[in-house]
Amino acid sequence: MNTAQKVVLAARIWALAGYVHLASRRRPLPEVVTSLARRAESRRRTGLNPVRLGTIITRVLTFRGKPPRCLIAALVAFRLNRAEGHGVEIVIGLPSRPVDKDAHAWLELNGRDVGPPPGQFGHLELARYS
């Protein structure tokens, strides 16, 4: 990727993060996922694989050393991966021994964890959206 393509991708990531942040506060998660899947047709493909794309998203959205919330990063990654033609699914899970109600989100492609980092991170699936 050249510098211009990197800047365009970073702008797409930030714009999607803003959209996802607002949408996820106003609508139920299944509606947000459906909306992102529907909008995923894109002529601007990057050619990046899902793992690399997840790493880039996390890096771009990290602000002052604080990484993005996993749900925001996973939803942005979902949309961009769908635009690339990857059939990823969003998975929501809890730790195997939960101590609170905090869930975690990651993407899977054909049952394989593809991030964004830290990916599944030892969590057990509660819900799956495609």
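The values are calculated or read from the model by the stated rules, or taken from the named source; none is laboratory data. These numbers were taken from a predicted model, which means no experiment stands behind them. Ideal geometry is used to build each Cβ from the backbone, glycine not excepted, and the neighbour counts take in all protein chains shown. For accessibility, only protein heavy atoms count, side chains too; no ligands or nucleic acids. Shrake-Rupley method; radii C 1.70, N 1.55, O 1.52, S 1.80 Å.
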message: Rounded to the nearest percent, how much of the accessible area of the chain (1.4 Å probe, protein heavy atoms only) is carbon and sulfur?
response: 54 percent
- request: Would you mind checking the tilt of helix 70-83 against the longest principal axis of the Cα atoms of the chain, expressed as 0 to 90 degrees and rounded to 10?
  value: 50 degrees
message: Projecting each Cα onto the charge dipole of segment 5-130 (Lys/Arg +1, Asp/Glu -1 at the beta carbon, about the Cα centre), which of Q5, L36, P118 comes out farthest on the positive side?
response: Q5
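Could you tally the net charge around V114, taking each other residue with its Cβ under 12 Å from the Cβ of V114, Lys/Arg +1 and Asp/Glu -1? Walk me through the numbers on the way to the answer.
Details: positive: R52, R112; negative: E84, E89, E108, D113.
Result for the local shell: -2.
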- prompt: With all protein chains present and a 1.4 Å probe, how do E31, E89, E108 order by accessible area, largest first?
  reply: E31, E89, E108
- request: Calculate, for the chain, the solvent-accessible area per residue in square angstrom, rolling a 1.4 angstrom probe over the heavy atoms of the protein chains.
  value: 59 Å²
Where H123, H86, H21 fall by accessible area, highest first, once all protein chains stay in place (1.4 Å): H21, H86, H123
message: Quick check on segment 1-82: what does the Kirkwood estimate of hydrodynamic radius come out to from the alpha carbon pairs, in Å?
response: 13.0 Å
